[in-house]
1. Tally up the residues in segment A:173-183 that are hydrophobic (A, V, I, L, M, F, W, C) and either at the interface with another protein chain (Cβ under 7 Å from one of its Cβ atoms) or surrounded by fewer than 20 Cβ atoms within 10 Å (Cβ to Cβ) (or both), please.
2. Given B:68, B:110, B:76, which one is surrounded by fewer than 11 Cβ atoms within 10 Å (Cβ to Cβ) and modelled with pLDDT of 95 or more?
3. All but one of (1) modelled with pLDDT of 95 or more; (2) over 16 Å from residue A:76 (Cα atoms) hold for residue A:152, so report the exception by its number.
4. Can we say residue B:41 is facing chain A (nearest Cβ under 7 Å), over 16 Å from the mean Cα position of the chain (by Cα) and surrounded by 14 or more Cβ atoms within 10 Å (Cβ to Cβ)?
5. Looking at segment A:149-172 only, could you name the residues that are free of Cβ contacts under 8 Å to residues at least 40 places away in the same chain, among the aliphatic types (A, V, I, L, M) and within 16 Å of residue A:117 (Cβ to Cβ)?
6. Step by step: first the residues of segment B:56-65, then only those that are crowded, with 18+ Cβ neighbours inside 10 Å and touching a Ser or Thr at 6+ places or on another chain (Cβ under 7 Å), then the one that is farthest from residue A:51 (Cα to Cα). Which residue is that?
7. Select from segment B:80-119 the residues that are part of a helix (DSSP H, G or I), farther than 13 Å from residue A:34 by Cα and within 13 Å of the chain's Cα centre (by Cα) and list them in ascending order.
8. Residues that are in contact with a Pro (Cβ under 7 Å, 6 or more places away or on another chain), at pLDDT 95 or above and either within 14 Å of another protein chain (Cβ to nearest Cβ) or crowded, with 18+ Cβ neighbours inside 10 Å (or both): does segment A:184-197 have at least one?
Amino acid sequence: MSSSPTLAAGAEAPVFYDDGHHHPEQGTLLGFWLYLMSDCLIFAVLFGCYAVLGRSYAAGPSGADLFDLPLVAANTAMLLFSSITYGFAMLQMQAGRKNGVLLWLGITGLFGLAFLSLELYEFAHLIHEGAGPQRSAFLSSFFTLVGTHGLHVTFGIIWLVTLMVQVNRGGLILENKRRLVCLSMFWHFLDVVWIGVFTFVYLMGTLP
Amino acid sequence: MSDHRTHVVETNSHLQKRGQGHHDHDDHHGDIAYHASFKGYLVGFLLSVVLTAIPFWLVMAKVLPSSGATAAVILGFAAVQIVVHMVYFLHMNAKVEGGWSMLALIFTAGVVFIMLSGSIWVMYHLNTNMMPMHDMRTAP
């Protein structure tokens, strides 16, 4: 940078060929998608752990002994319902109806809370039976994987409530729409992870 | 920085005007690149209900005789359901963000596949070379 000929006095004005048209309108959405992909790697590692340790029972209870499939089915239904109700919130956002967005976000939050309650009930039940995370490698990896997913849902609900306050205050402005789209990606992503959990952990863990 | 910001705002308002002028299939999105439809969500939801119910039924009613076959079938259902969720709920296609989202997704899927298959393969062989544990598994 010792000499900068384009900035010299008397030189012609620099020509920029970048008119900015190829920039994405919303870099945030791509950035958030990249975050979700990195989150996907976290879950993949935990799934890998469970795949390796999931049959190491240390002479303790196995998945077939512990898992209550009707409860898991109810849990799965809660998360699926919350996915479509979030979709309805997005449709209301597209239609520009603030109260509709708030209503469907609220319903989504209730389904999310129902999911969390069922999961916490299951965890408490397991720990009460002496099948806590310290019992065996299987249970350690189980609690880590399912607990991490539950933690994501918890933060999703906190975010959802925050967003309801923001939408209520600011209306459907561009910033709030962007946040709604980000949370929709987060929420549907958690549902995708749950597909892996109920298939690989619960259903396959119950198989003899 | 301030120059960049004003530029972004201008682009957005420009897009908004264009969207209203052309009166596209949905003229409400304007500023945010998001296209969702009631039909899409409904199809996705119904498909995912079916794709969830069948694996639960297969396992809970013990339909197939062997565990291996059941595991293979429900893993197949899970893979299909993940694609359904990606398409109908996450609105993933090759055009989102100019293809960069899809590229990131494919890259992640590749890394995940290598990591999972490699870990399971290596750890399985390490396990079989450890102390004999085969008797424990069949013990009551």
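1. Taking segment A:173-183 first, the residues hydrophobic (A, V, I, L, M, F, W, C) are A:173-174, A:180-183.
Those left that are additionally either at the interface with another protein chain (Cβ under 7 Å from one of its Cβ atoms) or surrounded by fewer than 20 Cβ atoms within 10 Å (Cβ to Cβ) (or both): A:173-174, A:181.
Adding up the residues that qualify gives 3.
2. Values: B:68 fails: modelled with pLDDT of 95 or more; B:76 fails: surrounded by fewer than 11 Cβ atoms within 10 Å (Cβ to Cβ).
Exactly one of B:68, B:110, B:76 is surrounded by fewer than 11 Cβ atoms within 10 Å (Cβ to Cβ) and modelled with pLDDT of 95 or more, namely B:110.
3. Status for residue A:152: all satisfied but (2).
4. Details: facing chain A (nearest Cβ under 7 Å): yes; over 16 Å from the mean Cα position of the chain (by Cα): no; surrounded by 14 or more Cβ atoms within 10 Å (Cβ to Cβ): yes.
Criteria not met by residue B:41.
5. If we filter segment A:149-172 for residues that are free of Cβ contacts under 8 Å to residues at least 40 places away in the same chain, which is where we start, we get A:150-151, A:154-155, A:158-159, A:162, A:165-166, A:169-170.
Cutting the leftovers down to among the aliphatic types (A, V, I, L, M) gives us A:151, A:158, A:165.
Once the filter is applied, which keeps residues that are free of Cβ contacts under 8 Å to residues at least 40 places away in the same chain, among the aliphatic types (A, V, I, L, M) and within 16 Å of residue A:117 (Cβ to Cβ), segment A:149-172 yields A:151, A:158.
6. Within segment B:56-65, the first condition is being crowded, with 18+ Cβ neighbours inside 10 Å, and the residues that meet it are B:56, B:58-59.
Applying the additional criterion that residues be touching a Ser or Thr at 6+ places or on another chain (Cβ under 7 Å) yields B:58-59.
On the way: B:58: 21, B:59: 19 Å.
The qualifying residue farthest from residue A:51 (Cα to Cα) is B:58.
7. Passing the criteria: B:80, B:81, B:82, B:83, B:84, B:85, B:86, B:87, B:88, B:112.
8. From segment A:184-197, those in contact with a Pro (Cβ under 7 Å, 6 or more places away or on another chain) are none; that's our starting set.
Looking through segment A:184-197, none of the residues is in contact with a Pro (Cβ under 7 Å, 6 or more places away or on another chain), at pLDDT 95 or above and either within 14 Å of another protein chain (Cβ to nearest Cβ) or crowded, with 18+ Cβ neighbours inside 10 Å (or both).
The values are calculated or read from the model by the stated rules, or taken from the named source; none is laboratory data. This structure is a prediction, so every number in the text was calculated from the model and none was measured. Cβ sites come from the backbone with ideal geometry, for glycine too, and all protein chains shown count toward neighbours.
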